[in-house]
Structures are given as C-alpha cells and as structure tokens.
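Peer 1: Got a structure for you, written out below as structure tokens; questions coming shortly.
The values are calculated or read from the model by the stated rules, or taken from the named source; none is laboratory data. None of these values were measured; they are calculated from a predicted model. All Cβ positions, glycine included, derive from the backbone under ideal geometry; neighbour counts span all protein chains shown.
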Amino acid sequence: MDATGRSGERIGAASALPLLVERVSALRGVGGRVILGIVGAPGAGKSTLARELAAALGSDVAAVVPMDGFHIASRALPSPEYLERRGAMDTFDVGGYLALLERLRRNTEDVIYAPAFERDIEEPIAGAIAIERGLPIVITEGNYLLSDEPRWSHVRGFLDETWFLEAEPSLRIERLIARHVLSGKSLEHAARMATGSDEHNAQLVARTKPAADLLITAD
C-alpha cells in the first residue's frame, strides 16, 4: 500500500498502516470526536483498510461505521431493477446516513447505534454497531463520501479528513465477482454485475478523487 497526500508525501508499502495510524491520531489534537472518511470504488478494499486501521488504533479508540449499513432493504426497493444495481446512489438511504453522521458529530448521546450490512444475506442490519460517547475516533467508509450530488454533498461537512483508496481495476473486479458469488449469484450473473452496474458506480467514485485529503494506492 502506498499513500500520497496533497503536499506530495509518499508512504512506502511496508510502513503504510503505522503512518496512517499516526496521521489519524494527530487529528485528535483539534479536540472533540474525529470522524475519518475512507472513500473508494466498489471492491477497492475500503472495509479491509477501515477494519485494520481501527484494530491498530484499538477498540477503545476507534470504531467503523460503514455507509453500506444504509443500503435500502430489498423489500423496500421500488422494483427488482433496483436490486440488480444495488450500490447505486439511489439504492441508499442518504438521509439516514446524514442523520447518523450529525448525531456522531454532535456526540451528546451515551450510545449511538448504527446499522451494518450483512453480506451473507445481502441486507442491512439495524442497531448492529454501538458507538459510545467517549469513543474519540469514528471511521466511516463508502463509495460516495466525496460526491457533489444533491444531499450526498453534505456528507463531506461532517468529516475531519477523507482518504481515497484506489485499487487496480482488474483486482477490484476480481474481488467483486468473488463477493457476488459468495452471496449466491452465479458466476455469469456476478461477472455481469461487476463489469456493469458496479463499474458504472466506480467511474462516478473516481471523479471525486481530487477532493480527497490523501490518496492511498493499494497493492
């Protein structure tokens, strides 16, 4: 993993995670809760990086709140066509996500319960993640955190810093196909989604890269 900031600094593969830990830890100096956003296309490895970063910081310091918890449940989608392209902007409850970010930023409640997305059943699970008031760092990850589309454009205002994770396209697609197959889709169906709707979403995400505070390139 290699990282480049707006000032041009580069982080070598072997030392990437320790330096990323140091970077996010330094944000705590401004006082209050730190909310870090990790952005990237489908299959880039956002969830893995967020989990590794949170584990390195410690469970008493950081927790991960994925944007994927705000996938609209299958039964609530308007038609099967929406399910086929799940992951597009209009298949998320962006209002719910913004409301959660506002609560996390305000940090006045003893515990805030956030949803997660369970890939085994391909559905969101309400109240799956508990964020206590004393937790100093929240890491949120998702595709559209830097989007300038209506409503999505408000997400950036809740984040102290945003990192963009970029992976080689063939690796992303390979991961996505495997993910879809694990969820029960045929190999043909999985490949069609990975190179179709997922790739369309990836192109939308790629356009937001210049707005990130740090670019991280995965091996």
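Peer 1: Just the residues that are under 20 Å from Ser183 (Cα atoms) and aromatic (Phe, Trp, Tyr), please, taken from the range 111-153.
Peer 2: Phe117
Peer 1: Is there any pair with a first residue in the range 24-53 that is closer than 19 Å to Gly157 by Cβ and touching a residue at least 40 places away in the same chain (Cβ under 8 Å) and a second that is assigned to a loop (DSSP other than H, G, I, E, B) and among the aromatic types (Phe, Trp, Tyr) whose Cβ atoms are under 9 Å apart and which are 6 or more apart or on different chains, and what are they?
Peer 2: Between residues of the range 24-53 that are closer than 19 Å to Gly157 by Cβ and touching a residue at least 40 places away in the same chain (Cβ under 8 Å) and residues that are assigned to a loop (DSSP other than H, G, I, E, B) and among the aromatic types (Phe, Trp, Tyr), the close pairs are Val39/Tyr144.
Peer 1: Of all strands (runs of 3 or more DSSP E) completely enclosed by the range 1-92, which ones contain at least 2 residues that are in contact with a strand residue (DSSP E or B) (Cβ under 6 Å, 6 or more places away or on another chain) and modelled with pLDDT of 95 or more?
Peer 2: Because the criterion is at least 2 residues that are in contact with a strand residue (DSSP E or B) (Cβ under 6 Å, 6 or more places away or on another chain) and modelled with pLDDT of 95 or more, the strands (runs of 3 or more DSSP E) in the range 1-92 that meet it are 34-40, 62-66.
Peer 1: Ok, one more. Among the numbered conditions (1) modelled with pLDDT of 95 or more; (2) in contact with a strand residue (DSSP E or B) (Cβ under 8 Å, 6 or more places away or on another chain), tell me where Pro124 comes up short.
Peer 2: Of the numbered conditions (1) modelled with pLDDT of 95 or more; (2) in contact with a strand residue (DSSP E or B) (Cβ under 8 Å, 6 or more places away or on another chain), the odd one out for Pro124 is (1).
Peer 1: Here's a follow-up. Can you tell me which of (1) over 25 Å from Leu135 (Cα atoms); (2) surrounded by 14 or more Cβ atoms within 10 Å (Cβ to Cβ); (3) of a type in the set (D, E, K, R) is the one Asp120 doesn't meet?
Peer 2: So the condition that Asp120 fails would be (2).
Peer 1: Given the range 155-219, what helices (runs of 4 or more DSSP H) lie entirely inside it while holding 2 or more residues that are among the small types (Gly, Ala, Ser), out of contact with any Leu (no Cβ under 7 Å at 6 or more places or on another chain) and free of Cβ contacts under 8 Å to residues at least 40 places away in the same chain?
Peer 2: It comes to 169-182, 187-195.
Peer 1: Just checking, does the range 76-83 include any residue being without any contact (Cβ under 8 Å) to a residue 24 or more places away in the chain, farther than 16 Å from Leu159 by Cβ and buried (at least 16 other Cβ atoms within 10 Å of the Cβ)?
Peer 2: yes
Peer 1: Also, quick follow-up: Show the residue pairs that are 6+ apart or on different chains and have beta-carbon atoms under 7 Å apart, the first residue being within the range 126-153 and assigned to a helix (DSSP H, G or I), the second being surrounded by 19 or more Cβ atoms within 10 Å (Cβ to Cβ).
Peer 2: Hits for this filter: Trp152/Val94; Trp152/Tyr144; Ser153/Ser147.
Peer 1: Still on this structure: Pick out the one residue from Arg156, Arg151 that is surrounded by fewer than 21 Cβ atoms within 10 Å (Cβ to Cβ), within 22 Å of Tyr82 (Cβ to Cβ), within 18 Å of the chain's Cα centre (by Cα) and not β-branched (Val, Ile, Thr).
Peer 2: Values: Arg156 fails: within 22 Å of Tyr82 (Cβ to Cβ).
Being surrounded by fewer than 21 Cβ atoms within 10 Å (Cβ to Cβ), within 22 Å of Tyr82 (Cβ to Cβ), within 18 Å of the chain's Cα centre (by Cα) and not β-branched (Val, Ile, Thr) holds for just one of Arg156, Arg151, which is Arg151.
Peer 1: Let me ask another. For Gly96, indicate whether it is in contact with a Pro (Cβ under 9 Å, 6 or more places away or on another chain), in a loop (DSSP other than H, G, I, E, B) and more than 18 Å from Ile216 (Cβ to Cβ).
Peer 2: no
Peer 1: Just to be sure, is Tyr113 touching a Gly at 6+ places or on another chain (Cβ under 7 Å) and surrounded by fewer than 20 Cβ atoms within 10 Å (Cβ to Cβ)?
Peer 2: Against the criterion (touching a Gly at 6+ places or on another chain (Cβ under 7 Å) and surrounded by fewer than 20 Cβ atoms within 10 Å (Cβ to Cβ)), Tyr113 qualifies.
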